[in-house]
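Read the structure below first, then the notes.
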Amino acid sequence: MYQAPDRYKRMISARLPDGETLGVSTGNDDRSSSPLRDVQMIARSKFAPFFAAANVVGALLVAASLNHAIDTAALIGWMMVIFGVNGVTLMMARKQAITHIGRSGKRLPQWLMVGDVLLRAAIWLSLPVLVFPTLGANEQIILASIMAGSGVAALGLTVTPLCVNVWMSMFTAAVVYCLFIGRDAIPFSHTLSIVFILGVAVIGVVHLARWAYGQLKTTADFGSQSESANLLLEEYEKRGVGWLWQVDDESRVTYLSSRLVAMLGRPSTQILGQSLPNLLGVQAEFGNVLNERKPFTGLEMEVKNDRGSRWISISGDPIVDTAGRFGGFRGVGSDITEVRQQQERLTHLANMDVLSGLPNRGRVRQLLGDALRGATANNVPCAIMFLDLDGFKPVNDTFGHPKGDAVLQAVAKRLCDEVGDTGHVGRMGGDEFAIVINDAQSRKNVQSLADNIIKAIKQPYVIDETEIRIGVSIGCAFGPIDGATVDDLILKADLALYEAKGAGRGVTKYFSSELQSEQEDRIRLESDLRAACASQQFHLQYQPLVSAKDQKLVGFEALLRWKHPQRGLVPPGVFIPIAEECGLMAQIGDWVIEEAAKTLAAWPEPITVAINISPKQIVLPSLPNTVSQALARYKVPGNRLELEVTEGVFLGNNSSTLDNMKRLRQLGVGIALDDFGTGYSSIGYLNKAVFHKLKIDGSFVREAGTREENVAIIQSIVQLAKSFRMNVTAEGVETAEDFERMRDLGVDTIQGYLFGRPLDFDRADQMVRGMLKQQAAG
């Protein structure tokens, strides 16, 4: 490490890379080592010669003025004692400034310092007070004046206010006594002059002592802070937490930690005095930040050297002196290369389907969104194909999941071979795939691609000497012709795929007006949904949540169900998107919150209830009030209610969404990120301090027994959650093996058919009561 020492000592505070401040504590509980006392002792030794000289000079003035009126032997003896005592005490003060400071020094009792002052005052005043009554009027005036003036010698004691008070009190008492004795001989005008001199001396010296003591205390406190700060900064560097930097007003380096010097790969002689932005290779970006002369936090930059590149995060504060002059910047930084690599790895895992190596559902949605924006901007249609394998379920049932997985991998490869650079292939889950085509100007080419895919997928698969045959059905929609949004286009492609399945499979269908009847049915369903809201056709079912540690019931997830008078049970995946589009989600969501609070009131603590919140509802400013009123109405604490959201909440107005989440968290309500690991934007929002739980999607859990990649993903998710102090819930646990695997991987809570399917309230209530009876019996 190398440095500009004086500047380094001034680095008392700095901003950490995450925005926090590296501060110091000014408290000092070590009574045996006080910075203020040390400064007092040192200053006392500095003033000791002045104090001793003032005593001696005062004595000489008395001797010179009154040698004819005072016995010579007494005068000489008195002066010798004053010389001797002041000489000894002067040497003692200097020695004490060495032996009685610091942590190893023995504390000098205050009474000893006060006794020293008392002794010298008493010796000095002894002769004047004794001989005063025997002197004539003129000699009394002279002696009283010298005594009053000698009180100013207390200037040598200003660093210890108590000693000043003792000295001035002694001399004041002596002068007052002498003036009282000589009241008849000393003219009144002279008495007033002497009193004036004494008063000025007392007031001036006492006030000066208070000011000097305050200055010493400030100096001692600053020294303590500086020492503590330097120790903290040194520890900060030694621990490898980060590094420190400082530049002057022209961005030239005045200090760099050794760790950053090593990263730059240059000798120290080539760094001091050089432009820091130039050294880091980020002249424009970093230089502009420094030119603004404002505090900055968490500026991330890539630093390249002969050994490769590293990512750093740097923060800094401007240096401004008391006159307001800008003196440069000082700050801290850290190497975040590993953190970024971990984030990139997790992002890649979150965007990738581990079985096939293709983009997953979330990534496909992102690719389709990009294609739609390009199509709108360039007036060139895009397309989305949905593919569903025909006859794949019997493959799993007959040959087992390992061979089924091998078939899916082979299908993925054939699709990529056929599509090539024409588009992007993704796996939506299960046996469903998707293809995003950026340029679908030629429908003939799209149809030709679909035909080739059907032919390729129909070819037999030989897996472990077993021949397997499957087919594929394709539904296709064009954007923005068939749909101007991702959801709309996916819906149209899904309708076309449904039509292809119904048309005998192994065919391709395109969304067209012939499929509009499906949309008409959707409109009818919307009308029925409005009627359902009015007539309360909804109810909740409760799926148990159990502790992975002891398999005890800890709560339920409340699932919304709609029993249509004619259609029967309508799947949530069908009616919830409609409710979101037609603006009914807030009304339905409020009802769910009310029912959940009512249910919690009927069950004892610590049973919790989790409910799903739609992205359309989470942005409503009224949501926190709705939750708060429901909890208050049923007298339920907020920590018993949990709201589950998906990554879809981040696709809209992020600021209002995060604001609502923070308000909900202030109520004590938990917020869980559902289906984690299937999206593309979840990771970036984990540091917003709003989530308390991650829920691992069931697809990862079910495939963890056969796919090591899934185990790696789950481990990463658990580690990530723990680093953010979040709990983890695993969904879709259907077997004992799944349960044991999730428990061993560190999952906190289990949900799945192994511990119970969704139950109506009465059966869920029986489960809770049964648990209470078991606890009472135990």
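The values are calculated or read from the model by the stated rules, or taken from the named source; none is laboratory data. The shown structure was predicted, so the numbers you read here are calculated from the model rather than taken from an experiment. Using ideal geometry, Cβ is built from the backbone for each residue, glycine included, and neighbour counts are taken over all protein chains shown. Remember, those area values only see protein heavy atoms, side chains included, never the ligands or the DNA or RNA. Shrake-Rupley method; radii C 1.70, N 1.55, O 1.52, S 1.80 Å.
Hey, which of these cross-link pairs are over 31 Å Cα-Cα: 455/492; 413/693; 458/616; 444/616; 294/616?
413/693; 458/616; 444/616; 294/616
In what order, largest first, do 465, 338 sit by accessible area if the probe radius is 1.4 Å?
465, 338
Note down the accessible area of residue 322, probe 1.4 Å, to the nearest 10 Å².
The value for residue 322 is about 150 Å².
Please state, as a whole number in µm²/s, the translational diffusion coefficient that the Stokes-Einstein equation yields for the range 229-380 at 37 °C and 0.692 mPa s, with Rh defined as the Kirkwood radius across alpha carbon pairs.
180 µm²/s
For 658, 143, 208, write out the residues from largest to smallest accessible area, computed with a 1.4 angstrom probe and no ligands counted.
Final ranking, largest accessible area leading: 208, 658, 143.
Could you order 61, 260 by accessible surface area, starting with the largest, using a probe radius of 1.4 Å?
61, 260
What angle, in degrees between 0 and 90 and rounded to the nearest 10, separates the Cα long axis of helix 161-181 from the longest principal axis of the Cα atoms of the chain?
For 161-181 against the chain, the angle is about 30 degrees.
Under a cut-off of 21 Å between alpha-carbon atoms, report the lysines in cross-link reach of residue 773, not counting same-chain residues fewer than 8 places apart.
Within the straight-line cut-off, residue 773 pairs with 549, 552.
Take peptides 727-740, 523-536 and line them up by average Cβ neighbours within 10 Å, highest first, as a rough protection proxy.
727-740, 523-536
At a Cα cut-off below 22 Å, give the lysines reachable from residue 46, other chains included and same-chain residues fewer than 8 away excluded.
95, 106, 217
From the list [x] 190; [y] 420; [z] 282, can you say which value of volume of the Cα convex hull per residue in Å³ was derived from the structure given?
Recomputing volume of the Cα convex hull per residue in Å³ here picks out [z].
Ignoring everything except DSSP H segments at least 4 long, calculate the 222 nm mean residue ellipticity for the chain; use -39,500 (n - 2.57) per segment, divide by total residues, nearest 500.
Roughly -17500 deg cm²/dmol at 222 nm, from the helical runs in the chain.
Hey, what angle do you get for helix 623-633 against the long axis of the chain, alpha-carbon based, 0 to 90 degrees rounded to 10?
80 degrees
Given the C-alpha centroids of the range 345-381 and the range 695-751, what is the distance between them in whole angstrom?
The distance from the Cα centre of the range 345-381 to that of the range 695-751 comes to 25 Å.
Return one number: the angle in degrees, 0 to 90 and rounded to the nearest 10, between the long axis of the Cα atoms of helix 654-666 and the longest principal axis of the Cα atoms of the chain.
Roughly 70 degrees, rounded to the nearest 10.
First compute the accessible area of the range 150-197 with a 1.4 Å probe, then give the percent of it belonging to carbon and sulfur atoms.
Exposed carbon and sulfur together represent 75 percent of the surface.
The range 139-181 to the range 584-660: how many Å between their Cα centroids?
Result: 79 Å between the Cα centres.
Among DSSP bridges having both ends in the chain, what percentage is antiparallel? Round to the nearest 5.
Around 75 percent of the beta bridges assigned by DSSP in the chain are antiparallel ones.
On a C-alpha basis, how far is the centre of the range 409-452 from the centre of the range 559-579 in Å? Whole number, if you could?
Computed from Cα coordinates, the inter-centre distance equals 33 Å.
Could you do me a favour and compute the accessible area per residue for the chain, 1.4 Å probe, result in Å²?
49 Å²
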